[in-house]
Protein chains: 4
Amino acid sequence: MARAPVYYGDYLKLARLLSSQEPESAKDGVEAHDEMLFIIVHQAYELWFRQILHELDRIERDFSAVPVSDDAVARIVHSLNRIHEILKLVVSQLDVLETMTPFDFLDFRDLLMPASGFQSLQFRMIETRLGLSPDVRVPFDDKAIEDRLSAADREALAAARNRPTVFFMLDSWLARTPFLDWGAKTFREAYRHAVEKHLSRDIDLVKADAGLPEEKRQRELKNLDRAIASFAAIFSPDAEDGGWRLSAPAVQAALFITLYRDKPAVQQGFRLLAALMDIDETMTLWRYRHALMVERMIGVKIGTGGSSGGSYLRTTAERHRVFGDLFRLSTFLIPRAALPELPPDVQARMGLVYAS
Amino acid sequence: MARAPVYYGDYLKLARLLSSQEPESAKDGVEAHDEMLFIIVHQAYELWFRQILHELDRIERDFSAVPVSDDAVARIVHSLNRIHEILKLVVSQLDVLETMTPFDFLDFRDLLMPASGFQSLQFRMIETRLGLSPDVRVPFDDKAIEDRLSAADREALAAARNRPTVFFMLDSWLARTPFLDWGAKTFREAYRHAVEKHLSRDIDLVKADAGLPEEKRQRELKNLDRAIASFAAIFSPDAEDGGWRLSAPAVQAALFITLYRDKPAVQQGFRLLAALMDIDETMTLWRYRHALMVERMIGVKIGTGGSSGGSYLRTTAERHRVFGDLFRLSTFLIPRAALPELPPDVQARMGLVYAS
Amino acid sequence: MARAPVYYGDYLKLARLLSSQEPESAKDGVEAHDEMLFIIVHQAYELWFRQILHELDRIERDFSAVPVSDDAVARIVHSLNRIHEILKLVVSQLDVLETMTPFDFLDFRDLLMPASGFQSLQFRMIETRLGLSPDVRVPFDDKAIEDRLSAADREALAAARNRPTVFFMLDSWLARTPFLDWGAKTFREAYRHAVEKHLSRDIDLVKADAGLPEEKRQRELKNLDRAIASFAAIFSPDAEDGGWRLSAPAVQAALFITLYRDKPAVQQGFRLLAALMDIDETMTLWRYRHALMVERMIGVKIGTGGSSGGSYLRTTAERHRVFGDLFRLSTFLIPRAALPELPPDVQARMGLVYAS
Amino acid sequence: MARAPVYYGDYLKLARLLSSQEPESAKDGVEAHDEMLFIIVHQAYELWFRQILHELDRIERDFSAVPVSDDAVARIVHSLNRIHEILKLVVSQLDVLETMTPFDFLDFRDLLMPASGFQSLQFRMIETRLGLSPDVRVPFDDKAIEDRLSAADREALAAARNRPTVFFMLDSWLARTPFLDWGAKTFREAYRHAVEKHLSRDIDLVKADAGLPEEKRQRELKNLDRAIASFAAIFSPDAEDGGWRLSAPAVQAALFITLYRDKPAVQQGFRLLAALMDIDETMTLWRYRHALMVERMIGVKIGTGGSSGGSYLRTTAERHRVFGDLFRLSTFLIPRAALPELPPDVQARMGLVYAS
């Protein structure tokens, strides 16, 4: 009751916020109208990155607990979806930035040397905390990204690396999924059986199809063989060597959740996986659109010479993806009708009590 | 050459920027995760408003000159289009804000009393500098919007009112358009003639149509009479009383530009009018979506009692429009084929030399 | 195996689809380049409306069952979210349509008389099947919307009216929510108690605040009284008279779900309510943006005379909302800390077995 | 007057349009709810492609004339901007398509074999008519894209190839730009002089900077040398070998327009170049997002084997760009202050008569 009345401008620290734009061109007495836009766009980015890190803080708190409570999973999904919305907004900020022409950028471009978006500590922290590992990170002109950071920022990034990543917490959480033990056999074995049955039916059909030219028959059989072989990536005990970054139990749990997504016990898990894929895709898209924008602004280099910012960004677009494994899962789905049926006790455990 | 190297974080004042979020809930020891989002969204708004005001500064410099040079008109159009892009972004920020549920808002809503977006000085300045006049501005709960501002903000808003508005500069610039004097008669007279010819042809057709039931014929003739009468709003010498906010010469020039938009001399003018309509429409849309969002967040009041923020915003959505006259112009167009031909000397003056 | 190979163009019936644009202007030998755009935009709308109706078909199948299975609720939520995405796309189609200027529209506008978007059967069916009742529907120029439809379309709309609406199925489903019976008392009573306790604490604080001027104290107490009175709308046994369209049990269940949204048993229910609000809001927004666009295209009427399409659309923007009750719920929330605790048995029934 | 009244549904051929969805799954008696979405999305794409082709028709008519009139340039810019808006919409349709999960796609995916978006004749025609040449087009699995088209479609595509492309018409039009002959010398020579002056000033500064370590000095001088050398791509008489697809005169005109964009005579030309870059960028973005979506839907292939649709699309994202030269121009800009001044007579010819 003794609270002082709150004033909008004070609450938002507008005096500070709106005096934080100091164009280099003004210091040099150069007229460069668009530098303000350049500053504002990047400050807006950094505000949104701050919000993403705030969400990652709560996610870390919730997701690193064992077990993760139902309430917590719901909160994590909510935070991930919010991060996705922010990333979509951040992508569309490029529409505003692109109202600056290359020629207008030239008015102040050289004054900013050697500052660069590569030095955004917060963006590096977001990548790191999602799960981008230092050895995957693409160096720029043969130099690690850290070499371009100030000592304080380098330290902050190092500290971020010591925290559990979303990728790591996801792996642990998935690996604990309780519904994969189907008594007599595991879900993995049941699914392997279903896959083989599904594909061998196709093989029989190809063999029995009298109208099929021999050459075509051989090619289709070869394709089916290859399909069966490809499933080894999830069935062989040493699936860790299949090119997955997730552990084998986590891969199988993710597959299980994808296939039985409508059961109450894994509905939120399915939404969690979908939200991570949304984030991964939109991050990728952001890097790519960013690359296009940089090229439009600075030009495309033809021939040799140090890599340009644009082509660097384009490289990271793919290489910095963290949750590629989840996309790869689509390769290993079989049609609904061919799915192994859930054992009754598992099915019961995956429903809600009130539903029984 | 003696310039010190610029560092991204210093350039953007990130230390200041990213320490400007001070949730009230934290001060009270209350857990309210979403207050950060609430702060960040509003800070992002204010950053963008700052950029819009920066563009309005240049527009004022360029647009208040007499005459406005060709280069300047191009710059004004560019700035207006940028403002439009920013407004579209600002609308889509609501997608992010709406990830906050009403129940989560409740965690800290009361702590912010009586702060409110109505107190955004920058937004008020934008409205004012575009041309919203104080007597049109809708009061909130019978109090002028100024009564909710701090003394300093009130003063800043008053100062903004003393500057030439975009609406005012537009009116002056339009009224100076040099192509409406067609020698023997003015464009207004030629257009009046064309309108009458166009509509009387319709009247003749209706009268001559033997197959038309009498009742329908009378109705159509009445409609055509009404159409002719409606044109009085642009043709009568005292058109100022026709409900226009723009002066009569400005209205006629805007009409002229709309009709002959593809001639080099008015191409940029046409784009200028279109950009103002884009801005007006998107501002309106923003107020409206904002109203919907507020209602979703705080609930819809049924029955009597002080007006709610949502319904207030919805009222301003329409009443605060500045460039409604430009939309109204569409009522007074006639088909291309019925347009009066430009006199040869006017046509020549509206082309480019190289084209002759 | 005997399936014929499918060809893209045949599969999509492109020969038919791409020959379905027959501009009236071409028939009249008039040059009106933009009529093609006008046709394509409206055809794209209708394709998307077809998809929305396809989703509504599945929703009806799933939602009209008693009880609605967990799988079905998940499917309904998925369909509603898809409808929401489609509506967002449909809104952004206006960005394309607005590349047509009023002057270009004039080239063919009269040729289309009296055709109008009001005659979109599919859009009327969507409104109807969501739950817009005929007596709420705003008439246009004193004529029911049906009067403008062909006999066949009128019949189809009448048939749609005989089907269970989403609103109706929602009401029934909510009213069956099993967690509101808390043994000794109902959730309604427990919540009423919590509300009173929460507000009376505020009353005590106001009374005890020595520093408060008497006039202000009286005003605050009056506000609190009013707040308590407003809750009657959900607590009085005859809440049906409180201005709700939903039944009293449904309102209470919706409130319950909103407050305890993170419990597994109501997570999907919460998402279902949120999706309906998203749809309601985006439909409203679409009507409103549509109204702005119409006014830009045809002009704003000033003064008397038959209502214009633009102002009609603006009226329906509000009046045709179907799920306003869900927005109103926000008025009746209290902070998390003041919530009544779930009885242990209810809490248990709302969790998942595996979690115990 | 004798016109029959037009009915919305007849005008839009809705009976035909809305009966053109024939899911393969329905024919097979398979339940695959999402196939309707798949069909509708692709039909909506094709409708929009039809509109783009309609705009390209007008562009071709206007742009292939010699000279291109001022009115025509304005129309071309308008059509290009509309195409850009359509492409943005088409990109956002992916948001709707992504509501289909890979698992749901599996319900009918095999039934569509071997149909594929690669068979969209209209999309191929758009690429072709913009200026993608057959020898640049990336083959899919070693087969030209034509091999997957029906005979009729192949013929239609071949016919499209015989029409003047936007790229070709742009080149011719640019090469005719009348302002590059500056009397004593050409714009090219004046600009070369300005570039050398601008860069040699930098060289002098580097040499004179006493505080600069020798190693760094050498590196900076080398960079400046490289910069000067790079400009050879626009200055050497045989610039055709510089990796440009545009002719040397066209490159120089595009550069000229970019640098003097605010002069009335080239304002529309500048907008034309900008619109082409917008289109090029959004086409690229569309292919890329499409690639991501395909991978999400079908999975990422690891290791050897036929190329996947996703990685093919990603390859074309870059390789199928038509207007890359315009982006490359940014590399050859110098700051406004270093620009050569326009000779007075050129300046005069670039203004409007009324401005003199």
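The figures follow:
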quantity	calculated
Subset of segment C:67-100 [of a type in the set (D, E, K, R), touching a residue at least 40 places away in the same chain (Cβ under 8 Å) and over 30 Å from C:Ile298 (Cα atoms)]	C:Asp70
Residue in segment A:310-318 that is at pLDDT below 90, outside any helix (DSSP H, G or I) and surrounded by fewer than 22 Cβ atoms within 10 Å (Cβ to Cβ) present	no
Qualifying position, being at pLDDT below 95 and either within 25 Å of the chain's Cα centre (by Cα) or surrounded by 14 or more Cβ atoms within 10 Å (Cβ to Cβ) (or both), among A:Arg163, A:Arg109	A:Arg109
Which listed residue is surrounded by 12 or more Cβ atoms within 10 Å (Cβ to Cβ) and touching a strand residue (DSSP E or B) at 6+ places or on another chain (Cβ under 7 Å), from C:Ala232, C:Ala227, C:Ala190	C:Ala190
Residues (surrounded by 22 or more Cβ atoms within 10 Å (Cβ to Cβ) and within 12 Å of chain C (Cβ to nearest Cβ)) located in segment D:60-75	none
Any hit, segment D:129-137, residues being farther than 22 Å from D:Gln43 by Cα and over 18 Å from the mean Cα position of the chain (by Cα)	no
Count of segment C:140-160 residues which are modelled with pLDDT of 90 or more and surrounded by fewer than 14 Cβ atoms within 10 Å (Cβ to Cβ)	5
Residue check, D:Arg124 more than 23 Å from the chain's Cα centre (by Cα), of a type in the set (D, E, K, R), assigned to a helix (DSSP H, G or I) and closer than 28 Å to D:Leu246 by Cα	no
Any hit, segment C:199-214, residues being surrounded by fewer than 16 Cβ atoms within 10 Å (Cβ to Cβ), at pLDDT below 85 and either under 18 Å from C:Leu333 (Cα atoms) or in contact with a Ser or Thr (Cβ under 6 Å, 6 or more places away or on another chain) (or both)	no
Conditions (1) free of Cβ contacts under 8 Å to residues at least 24 places away in the same chain; (2) out of contact with any helix residue (DSSP H, G or I) (no Cβ under 7 Å at 6 or more places or on another chain); (3) hydrophobic (A, V, I, L, M, F, W, C); (4) buried (at least 16 other Cβ atoms within 10 Å of the Cβ); number of the one not met by C:Phe103	(2)
Residues (in a loop (DSSP other than H, G, I, E, B), within 14 Å of chain D (Cβ to nearest Cβ) and within 35 Å of the chain's Cα centre (by Cα)) located in segment B:180-212	B:Leu180
Top-ranked residue in segment A:133-179 [being within 14 Å of another protein chain (Cβ to nearest Cβ), aliphatic (A, V, I, L, M) and in contact (Cβ under 8 Å) with a residue 12 or more places away in the chain; ranked as farthest from A:Glu341 (Cα to Cα)]	A:Leu149
Condition broken by D:Leu246, with the remaining ones in (1) within 13 Å of another protein chain (Cβ to nearest Cβ); (2) assigned to a loop (DSSP other than H, G, I, E, B) satisfied	(1)
Given (1) of a type outside the set (Val, Ile, Thr); (2) surrounded by 14 or more Cβ atoms within 10 Å (Cβ to Cβ); (3) within 14 Å of another protein chain (Cβ to nearest Cβ); (4) not in a helix (DSSP H, G or I), number of the condition B:Pro114 does not satisfy	(2)
Breaking point among (1) more than 9 Å from every other protein chain (Cβ to nearest Cβ); (2) within 30 Å of A:Val138 (Cα to Cα), for A:Pro343	(2)
B:Arg245 among the charged types (D, E, K, R), at pLDDT 90 or above and under 19 Å from B:Leu339 (Cα atoms)	no
Per-region count, segment A:213-243, residues charged (D, E, K, R), closer than 21 Å to C:Ala4 by Cβ and away from chain D (no Cβ under 13 Å)	3
Scope segment A:3-27; condition facing another protein chain (nearest Cβ under 7 Å) and of a type in the set (A, V, I, L, M); matching residues	A:Val6, A:Leu12, A:Leu14, A:Leu17, A:Leu18
Meets criteria (basic (Lys, Arg), away from chain B (no Cβ under 14 Å) and either crowded, with 19+ Cβ neighbours inside 10 Å or part of a helix (DSSP H, G or I) (or both)) for D:Arg271	no
Verdict on D:Leu157 being among the aliphatic types (A, V, I, L, M), part of a helix (DSSP H, G or I) and under 19 Å from D:Gln43 (Cβ atoms)	no
Considering residues of segment D:28-59 that are over 36 Å from the mean Cα position of the chain (by Cα) and more than 9 Å from chain C (Cβ to nearest Cβ) only, the residue modelled with the highest pLDDT	D:Ala32
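The values are calculated or read from the model by the stated rules, or taken from the named source; none is laboratory data. Worth saying up front: this structure is predicted, and the values here are computed from it rather than measured. When we count neighbours, we look across all protein chains shown, and the Cβ atoms used for this are built from the backbone with ideal geometry, even at glycine.
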